[in-house]
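The structure appears below as C-alpha cells.
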Amino acid sequence: MTGFAAPGRGQDYQASRHDAERDSKTAETHRSNIMLKLKLHSIAELVLYAVRNEIVHVQLPAVLRFPNPGMAERTLPLQGVN
C-alpha cells in the first residue's frame, strides 16, 4: 500500500507527515535559539519581547462586553482606545 496522496503535492501520507514533523522541529529549533540569544526563559517572555519591541502588533477590541444575568448586555468603551 502506498498511502494517501497529499492534496496538490503528489506525495503519499507518510512523506507529507514527515515533512510536517520536520517543519515543526525546525520552528522549535529556531524559537529555542532565539530564546537562548535573548536570554528569555519562557514562551510568554518571548511573546512579551516581540510585542514590546513592535515585532508583532496586538489589536485590542474597540469595546468589551460584560454579560449580566437578567439584564441586556452593556458595552463599555476602552479607556484610551479610539
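Read the figures in this text as sums done on the coordinates, not as results from a lab. All values derive from a computational prediction rather than experimental measurement. Please note: Cβ atoms are built from the backbone with ideal geometry, for glycine as well, and neighbour counts cover all protein chains shown.
Site pair Ala27 and Gln59 shows an inter-label distance of 2.1 nm when each label is modelled 7 Å from Cα along Cα→Cβ.
In terms of surrounding Cβ atoms within a 10 Å radius of their Cβ, Arg52, Arg17 rank from fewest to most as Arg52, Arg17.
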